[in-house]
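These notes concern the structure reproduced below.
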């Protein structure tokens with residue numbers, strides 16, 4: 001059954017932004033067809049494409065979609081910068097849009113996902129609505145054991161630890177409060193951009209166009225520093241098919257993880273000092289060392305030298321950033337220019 005709201009006849013109510021690069025097959029197979037099936041119709045889809053060829057544009061234009069769609073060639077490459085540029089376009093050209101929904105090109109929204117987003121905004125004071133991710137396959141025994149361990153440790157909700165480790169899986173309750181949202185499917189009230197002036201951190205792209213952790217950083221920053229409420233969508237979900245790409249090698253992945261999360265730590269705990277900050281730093285550095293080890297395991301590599309080289313590059317970049325920039329500008333931008 002179609003889902004609609006009384007908007008006085010103005011459209012669109014939502015803008016769906018898909019920042020993509022070299023994934024024409026994925027966007028044509030998953031993202032766009034799922035929007036075609038959506039029971040909520042009062043939306044515009046904005047494709048912000050940084051592909052090296054015209055294949056994605058051809059996918060968009062080769063058929064007549066049953067919803068409004070706007071294609072743009074991205075002037076800047078990077079997941080954060082593309083999302084920010086697309087958002088500024090939405091704010092300027094679609095004044096009726098109440099929220100911007102970000103989804104990945106290799107994600108597939110359920111038919112009621114957009115209905116769930118708009119219902120959550122109507123029924124709560126949420127600044128961000130997290131569309132829950134549903135597993136594609138039944139959980140493996142490793143996933144089941146990890147879930148039991150998280151529950152034992154009290155990590156049975158969609159939250160984050162004080163040292164910036166995000167936890168919570170596919171079983172979080174609909175409508176429950178959360179502390180972060182994933183870029184595969186999240187709705188953001190336009191007030192986050194217009195009033196709080198919080199945008200995706202483009203500095204996270206320093207070691208590659210794929211801005212590792214930018215969705216977690218953006219949403220967690222809104223929750224912690226912007227005092228915005230994040231809720232899990234009242235209904236609906238998305239599936240993530242992990243199309244993959246040649247994102248980063250081991251060295252750059254290590255540098256990106258070390259650099260990005262140290263910057264986020266500085267931004268979140270700006271103004272905290274004394275014993276509490278010292279203890280947070282101890283926990284954080286232990287976590288980062290564990291994250292470096294996990295990177296080697298995930299990459300199935302024993303190239304410790306590459307990881308150490310990446311961390312060294314991150315330290316140099318951090319030193320430069322802290323000398324030249326104010327950490328408060330990492331995600332919060334000035335009104336003039338609307339540019340991070």
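Could you please give the count of residues in the range 287-307 that are assigned to a helix (DSSP H, G or I) and touching a residue at least 12 places away in the same chain (Cβ under 8 Å)? Lay out the reasoning, then the answer.
Taking the range 287-307 as the starting set, the residues that turn out to be assigned to a helix (DSSP H, G or I) are 287-299, 304-307.
Still in the running and touching a residue at least 12 places away in the same chain (Cβ under 8 Å): 287-288, 291-292, 295-296, 299, 306-307.
Adding up the residues that qualify gives 9.
When residue 108 is tested against (1) closer than 26 Å to residue 202 by Cβ; (2) within 20 Å of the chain's Cα centre (by Cα), just one condition goes unmet, and that condition is (1).
Can you say whether residue 61 is at pLDDT below 95 and in the same structural domain as residue 194 (by TED's automatic domain parsing), as far as the supplied structure shows? Yes; evaluated as a whole, the condition is true for this residue. So for the range 146-167 (the condition being crowded, with 20+ Cβ neighbours inside 10 Å, in contact with a strand residue (DSSP E or B) (Cβ under 9 Å, 6 or more places away or on another chain) and outside any strand (DSSP E or B)), does at least one residue qualify? Checking the range 146-167: at least one residue is crowded, with 20+ Cβ neighbours inside 10 Å, in contact with a strand residue (DSSP E or B) (Cβ under 9 Å, 6 or more places away or on another chain) and outside any strand (DSSP E or B).
Among the residues of the range 189-215, the one identified as farther than 26 Å from residue 321 by Cα and in a strand (DSSP E or B) is 189.
Say whether the condition of being more than 15 Å from the chain's Cα centre (by Cα), in the same structural domain as residue 103 (by TED's automatic domain parsing) and either part of a strand (DSSP E or B) or surrounded by fewer than 23 Cβ atoms within 10 Å (Cβ to Cβ) (or both) is met by at least one residue in the range 178-188. Explain how you work it out, then say what you get.
Taking the range 178-188 first, the residues more than 15 Å from the chain's Cα centre (by Cα) are none.
No - not one qualifying residue is present in the range 178-188.
No other residue among 222, 231 is outside any strand (DSSP E or B), within 17 Å of the chain's Cα centre (by Cα), at pLDDT 95 or above and in the same structural domain as residue 20 (by TED's automatic domain parsing) apart from 222. Within the range 243-257, being modelled with pLDDT of 80 or more and either more than 18 Å from the chain's Cα centre (by Cα) or within 15 Å of residue 183 (Cβ to Cβ) (or both) holds for 249, 250, 251, 252, 254, 255. Annotation: residue 166 fulfils all but one of (1) under 23 Å from residue 116 (Cβ atoms); (2) modelled with pLDDT of 95 or more; the unmet one is (2).
The residue of the range 118-139 that is surrounded by the most Cβ atoms within 10 Å (Cβ to Cβ), among those that are in contact with a helix residue (DSSP H, G or I) (Cβ under 9 Å, 6 or more places away or on another chain) and farther than 14 Å from residue 237 by Cα, is 128. Inside the range 312-330, residues that are under 17 Å from residue 256 (Cβ atoms) and at pLDDT below 95 make up a count of 0.
All conditions in (1) in a helix (DSSP H, G or I); (2) free of Cβ contacts under 8 Å to residues at least 40 places away in the same chain; (3) within 19 Å of residue 242 (Cα to Cα) hold for residue 47, with the sole exception of (1). Residue count for the range 189-213 satisfying the condition of being at pLDDT below 95 and within 12 Å of the chain's Cα centre (by Cα): 4.
The values are calculated or read from the model by the stated rules, or taken from the named source; none is laboratory data. It should be emphasised that the depicted structure is a prediction, and the values quoted were computed from it without experimental measurement. Counting neighbours? That spans all protein chains shown, and the Cβs are built from the backbone with ideal geometry, glycine included.
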